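I have placed the structure first, in the form of structure tokens, so that the comments after it can refer back to it.
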Amino acid sequence: MRAATVVEYNKPLQILNIPIPTPSQDQILVKVTACSLCNSDLAGWLGVVGAVAPYCPGHEPVGVIESVGSAVRGFKKGDRAGFMPSSFTCKDCNECQTGNHRFCNKKTSVGFQGPYGGFSQYAVADPLSTVKIPDALSDEVTAPLLCAGVTAYGALRKVPPGVQSVNVIGCGGVGHLVIQYAKALGYYVRGFDVNDKKLGLAARSGADETFYSTDATHADQASATIVATGAVAAYKAAFAVTANHGRIIAIGVPKGEIPVSLLDMVKRDLSLVATNQGSKEELEEALEIAVQHQIAPEYEIRQLDQLNDGFQEMMKGESHGRLVYRLW
């Protein structure tokens, strides 16, 4: 089978022919039909998030179950399925025992370690990290929801009760999904960005108002602000557009320090919290909400041989929405 492989960090990926993996008795073998490209894939390729080269990237894969191990229950051959990045965990630690598998210190993350990932034609998955795909969602729509979608939904789960409006800073691949999920949950949404194309994406995604982040003022304040970009300037804007007693929810991770004044946070009773994707249950909820509210990322379909171009476009900030690659 074919597998896109990071042989060296920050070097062109190679398409290698490798054996189809054999699942153990408690694993699932998935024939991957599509996988989307994420900023975390770019960070792994650059060698800055703990990816271990050589490895196969891709952590938003969707496909069809080819076979299941003898101990697997709830899945069968032919089921459409997708799986989360933290696909293999110890199952014994407190995080695993409480359902927070993505925080397991012994986890192996598909798409960052090993020869099989979302950009290989077959991959093995743990049932605890695998979800069935609703018939109403296509492969191309579903793939980005497996990471970007559940991340967007997980961030909104951290909005305090009673909040009626949400500001979203960064309206690209993740941000435009935050907007769609926020509208589905009933919020008034303002989208902020520095890029005209992404502001257009925000408007198409249902944002009630759109603004340049550089023009952010206290007049545009909301009680919750979600930062869906790693730009340092976005966090400066976030503090400007978050009302007193409000919450800033961090998705994007800047390379440098963010301009935080603890004194200002204390005086204004602000809180800053981070979010890390979501649980399997939250992913299942996110997929169901996508069906009910016709949530779908804007995407462009490509072939596996074009993957290097996608990495370059993401590094230059030229991609708007999601790049989805077909494996066959």
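If I filter the range 266-299 down to residues being touching a strand residue (DSSP E or B) at 6+ places or on another chain (Cβ under 8 Å) and among the β-branched types (Val, Ile, Thr), which single residue comes out as nearest to GLU318 (Cα to Cα)?
THR275
How many of the residues in the range 125-165 are more than 15 Å from the chain's Cα centre (by Cα) and of a type in the set (Gly, Ala, Ser)?
5
Could you check the range 183-207 and list, in sequence order, the residues that are of a type in the set (A, V, I, L, M), in contact with a His (Cβ under 7 Å, 6 or more places away or on another chain) and surrounded by fewer than 24 Cβ atoms within 10 Å (Cβ to Cβ)?
Once the filter is applied, which keeps residues that are of a type in the set (A, V, I, L, M), in contact with a His (Cβ under 7 Å, 6 or more places away or on another chain) and surrounded by fewer than 24 Cβ atoms within 10 Å (Cβ to Cβ), the range 183-207 yields only ALA184.
Please go through the range 226-259 and pick out each residue that is over 17 Å from TYR188 (Cα atoms), surrounded by 18 or more Cβ atoms within 10 Å (Cβ to Cβ) and among the polar types (S, T, N, Q).
THR229
Let me spell it out: the conditions are (1) of a type outside the set (D, E, K, R); (2) within 30 Å of VAL6 (Cβ to Cβ); (3) without any contact (Cβ under 8 Å) to a residue 12 or more places away in the chain, and GLN277 meets all of them except one. Which number is the exception?
Checking GLN277 against (1) of a type outside the set (D, E, K, R); (2) within 30 Å of VAL6 (Cβ to Cβ); (3) without any contact (Cβ under 8 Å) to a residue 12 or more places away in the chain, the one that fails is (3).
Tell me which of these VAL110 doesn't satisfy, since it passes every other one: (1) of a type in the set (Val, Ile, Thr); (2) buried (at least 17 other Cβ atoms within 10 Å of the Cβ); (3) more than 18 Å from ASP305 (Cβ to Cβ); (4) modelled with pLDDT of 90 or more.
(4)
On the given criteria, is ILE295 in a loop (DSSP other than H, G, I, E, B) and more than 21 Å from GLY58 (Cα to Cα)?
yes
Sort through GLN164, GLN180 and tell me the only one that's among the polar types (S, T, N, Q) and buried (at least 21 other Cβ atoms within 10 Å of the Cβ).
Only one candidate qualifies: GLN180.
Hey, can you tell me all the residues within the range 208-225 that are part of a strand (DSSP E or B) and surrounded by fewer than 18 Cβ atoms within 10 Å (Cβ to Cβ)?
Hits for the range 208-225 are GLU209, TYR212.
Out of the residues in the range 279-328 that are surrounded by fewer than 16 Cβ atoms within 10 Å (Cβ to Cβ) and among the aliphatic types (A, V, I, L, M), which is modelled with the highest pLDDT?
Ranking the candidates gives VAL291 first.
Would you check if GLY154 is at pLDDT 95 or above, within 21 Å of VAL174 (Cα to Cα) and touching a helix residue (DSSP H, G or I) at 6+ places or on another chain (Cβ under 9 Å)?
yes
Of the residues that make up the range 237-248, is at least one modelled with pLDDT of 95 or more, within 20 Å of the chain's Cα centre (by Cα) and assigned to a loop (DSSP other than H, G, I, E, B)?
For the range 237-248, residues modelled with pLDDT of 95 or more, within 20 Å of the chain's Cα centre (by Cα) and assigned to a loop (DSSP other than H, G, I, E, B): absent.
Please go through (1) in a loop (DSSP other than H, G, I, E, B); (2) surrounded by fewer than 19 Cβ atoms within 10 Å (Cβ to Cβ) for SER67 and return the number of the only condition it doesn't satisfy.
(1)
The values are calculated or read from the model by the stated rules, or taken from the named source; none is laboratory data. The shown structure was predicted, so the numbers you read here are calculated from the model rather than taken from an experiment. Every residue, glycine as well, gets a Cβ built from its backbone with ideal geometry; the counts of neighbours run over all protein chains shown.
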